[in-house]
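Asks: Just dropping this structure here.
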Amino acid sequence: MYESKCVIPRSHRGEEESILSNKMSKFYITTAIPYVNAAPHLGFALEAVQADAVARYHRLLGSNVFFASGTDENSLKNVQAAEAEDTPVKELVDKYASRFQDLKQTLNLTYDVFNRTANEHHIKGAQKFWNSCKKEDIYKKSYSGLYCVGCEEFYTEEELIEGHCPEHPNIIPDQVSEENYFFKLTNYQKQIEELIETDKLKIVPDTRKNEVLSFIKQGLKDFSISRSVERAKGWGVPIPDDPSQVMFVWFDALTTYLTALGYGTDEELFNKYWDKDTKKIHVIGKGIIRFHSVYWIAMLLSAGLPLPNIEFVHGYITVNGQKISKSLGNVIDPFVIVKKYGTDATRFYLLKEIPAYADGDFSEDRFKEVYNADLANGLGNLVSRVAKLCEQNNVEATLGSNVWCTDLEKFMGEFKFNEALSVIWKLISEADKKINQEKPWELSGDKLKAVLEDLVKRIQAIVYNLRPFLPETAEKISKQFSGQIKSDKPLFPRI
Ligand SMILES: [Zn+2]
């Protein structure tokens, strides 16, 4: 009946078992946790919407899904931002953490928990984790290195670009010397390399996997996992039994993936989702890949805990072709975009226009173009055309055969949101073609009825597949196409 491969029920298909298959029944999906030294920008909105689409998709497949997000609040960056704003640190992190929490409603996100790392339960969990690492993996030594406070990371001379941090062109890393605890990363080099090479830890896409492997092959070095209380200005997670030191912010921040599940405070929830049977997926940006695929994995191996299964690494958003930066004044506020164009239009732009595996550009001109072409004309126009024809001819919708498109399933398994949406938009253009070919306005009787019923089924298939991406729109169309079909105001008025 349809031209697209959308009609084969799941159970009738031979699916091969792979790490990217969608078959597992328990999923734990996380976003990274952003620093709260400023309000959220569009880059984090991208990650949140990607992770949300994955979570919604697996829930709709009937899997048991736990989805976590949160904020990274123990950073020295936050202390400096508080000093600049002349507010107590706690007040500053509360203020910005709540802005990040507001994104939940603004972007229609469905995370189950928002984990703030300044909270007591996280601090307890991070300390428990510290104590769970093998004793021989943690040792104290004097250290001196080049530290970027923007990244909260040490760099070697060679890694700097003309003396500046590779991630922060405005920052010249400081030479820092002090006594810190170190983590014996060198103990895990072989093991981590093998985990990544064999895809037991699957890094998507392959370009990122290769990037991490070549970093590992250069030889890993032990890394510092604490800071003196003075340099941290008293802010951070205290090291158990050593009041002179707090945890390096990355060391505690990575444990958010555990404490969001109640590690150290709610063992039942923790054991339910951080077990071997749950597919654990971290959605992260390309700038923090080493922390996640090297340091984090070593930490978990040391603590004897299960490992994540997949790390999906997205690129960055540029604005009119330029990197987003405060100094360029091109930071895009997601709240402003949503207010102007709506939640689903914003989700659509992020998922469709930012290629899943690479950097992508945002501009309002492009936004309007995409909005008019794909949402107002494509989807919106099809729905209103068919609804009007059905209303004029008293067509009642029956339940459609609801199935996922085969290609969409494949692309979602690979986190190719843009390709998954193309599958749906192909259905839309096929339905448009069908209308233009059949010319229902020239038909009558059984022939007309058959054409309209076919169009209704097509709309139902489109809506069924649209739900992880544009949930509110999918719900609106579903309502319109159940029972007596009526026309309604346009879903996406042209701009
Ligand atoms: Zn930096």
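Asks: Please report the antiparallel percentage of the DSSP beta bridges confined to the stretch 228-335, to the nearest 5. Before the final figure, lay out the partial values.
Replies: Numbers: 5 of 10 bridges.
Beta bridges within the stretch 228-335, antiparallel portion: roughly 50 percent.
Asks: If I model the stretch 19-314 as equal point scatterers sitting on the Cα atoms and use the Debye formula, what is log10 I(q)/I(0) at q = 0.14 Å⁻¹?
Replies: Results for the stretch 19-314 at q = 0.14 Å⁻¹ read -1.10.
Asks: Which of the aspartates and glutamates could be linked to residue 479 by a straight reach, that is with a Cα gap under 20 Å, when you skip same-chain ones fewer than 8 residues away?
Replies: Within reach: 344, 391, 396, 453, 454, 488.
Asks: Can you tell which of 338, 32, 84 lies farthest toward the positive end of the dipole of the chain, using +1 and -1 charges on the Cβ of basic and acidic side chains (Lys, Arg; Asp, Glu)?
Replies: Final value for the positive-end residue is 338.
Asks: Okay, moving on. Using a ≥ b ≥ c from the Cα gyration tensor of the stretch 122-267 (square roots of the eigenvalues), is it rounded, prolate or oblate, where a/c under 1.5 gives rounded and otherwise the larger of a/b and b/c decides, a/b for prolate?
Replies: oblate
Asks: Enumerate by residue number the trypsin sites (Lys or Arg not before Pro) in the stretch 278-359 meeting two conditions: DSSP loop (anything except H, G, I, E, B), and at most 10 other Cβ atoms within 10 Å of the site's Cβ. Intermediate results must be reported in sequence, preceding the final value.
Replies: Working: sites: 279, 280, 286, 290, 323, 326, 339, 340, 347, 352; in loops: 326.
Here the trypsin sites (Lys or Arg not before Pro) that fit, given the DSSP loop and packing criteria, are 326.
Asks: Please work out the C-alpha center-to-center distance from the stretch 395-449 to the stretch 161-224 and express it in whole Å.
Replies: 46
Asks: For the chain, what is the mean residue ellipticity at 222 nm derived from helices alone (per DSSP H run of n ≥ 4: -39500 (n - 2.57); sum divided by total residues; nearest 500 deg cm²/dmol)?
Replies: So the calculated ellipticity at 222 nm is -12500 deg cm²/dmol.
Asks: Sticking with this structure for a sec: If packing is taken as the average count of other Cβ atoms within 10 Å, what order do 56-68, 88-100, 29-41 fall into, highest mean first? Mind dumping the intermediate values first?
Replies: Values: 56-68: 19.0, 88-100: 17.3, 29-41: 22.2.
Highest mean packing first, the order is 29-41, 56-68, 88-100.
Asks: Of 217/416; 104/489; 141/184; 457/486; 339/416; 77/340, which ones are farther than 20 Å apart at the Cα?
Replies: Exceeds cut-off: 217/416; 104/489; 339/416; 77/340.
Asks: So, one more: Using the Cα centre of the chain as origin and beta-carbon charges of +1 (Lys, Arg) and -1 (Asp, Glu), tell me which of 195, 126, 168 is placed farthest towards the positive end of the dipole.
Replies: Of the candidates, 195 comes out farthest on the positive side.
Asks: Follow-up. For the chain, calculate the relative contact order in percent as a whole number, restricting contacts to Cα pairs under 8 Å that are 6 or more residues apart. Please report the intermediate quantities before stating the final value.
Replies: Values: 807 pairs, mean separation 91.6, N = 495.
Relative CO of the chain lands at 19 percent.
Asks: With no solvent and one point on each alpha carbon, what is the Debye value of log10 I(q)/I(0) for the chain at q = 0.11 Å⁻¹?
Replies: Results for the chain at q = 0.11 Å⁻¹ read -0.94.
Asks: When Lys and Arg each count +1 and Asp and Glu each count -1, what net charge do the other residues less than 14 Å away from residue 333, Cβ to Cβ, add up to?
Replies: Summing Lys/Arg as +1 and Asp/Glu as -1 gives +2.
Asks: Follow-up question, since we're still on this one. Rounded, prolate or oblate for the stretch 364-484? Axes are the square roots of the Cα gyration tensor eigenvalues, ordered a ≥ b ≥ c, and the cut-off for rounded is a/c under 1.5.
Replies: Prolate shape, in that a/c is at least 1.5 and a/b is the bigger ratio.
Asks: Between residue 441 and residue 358, how many nm apart are label points set 7 Å from Cα along the C-beta direction?
Replies: Distance between label points: 4.2 nm.
Asks: Okay, moving on. In debye, nearest 20: dipole of the stretch 364-484 around its Cα centre with unit charges on the Cβ of K, R (+) and D, E (-)?
Replies: 180
Asks: Normalised by the number of residues in the stretch 364-484, what is the relative contact order in percent for Cα pairs under 8 Å and 6+ residues apart?
Replies: 38
Asks: Another one. Could you please report the charge total around residue 124, scoring K, R as +1 and D, E as -1 over all other residues with beta-carbon less than 14 angstrom from its beta-carbon?
Replies: So the surrounding residues net to -2.
Asks: On to the next question. Taking every DSSP beta bridge with both residues inside the chain, roughly what % is antiparallel (nearest 5)?
Replies: 50
Asks: Of the listed peptides 108-119, 131-142, 238-249, what is their order by residue-averaged count of other C-beta atoms within 10 Å, with the highest listed first?
Replies: Averaged packing, sorted descending, gives the order 108-119, 238-249, 131-142.
Asks: Give, as a single signed number, the net charge of other residues whose beta carbon lies under 15 Å from the beta carbon of residue 488, with Lys and Arg counted +1 and Asp and Glu -1. Let's see the in-between values first.
Replies: Details: positive: 385, 388, 476, 479, 486, 489; negative: 391, 472, 475.
Net charge around residue 488: +3.
Every read-out reported here was derived from the displayed coordinates using simple, explicitly stated rules and does not represent laboratory data. Bear in mind the structure is a predicted one, so any value in this text is a computation, not a measurement. Cβ coordinates were reconstructed from backbone atoms using ideal geometry, including for glycine residues, and neighbour counts include every protein chain displayed.
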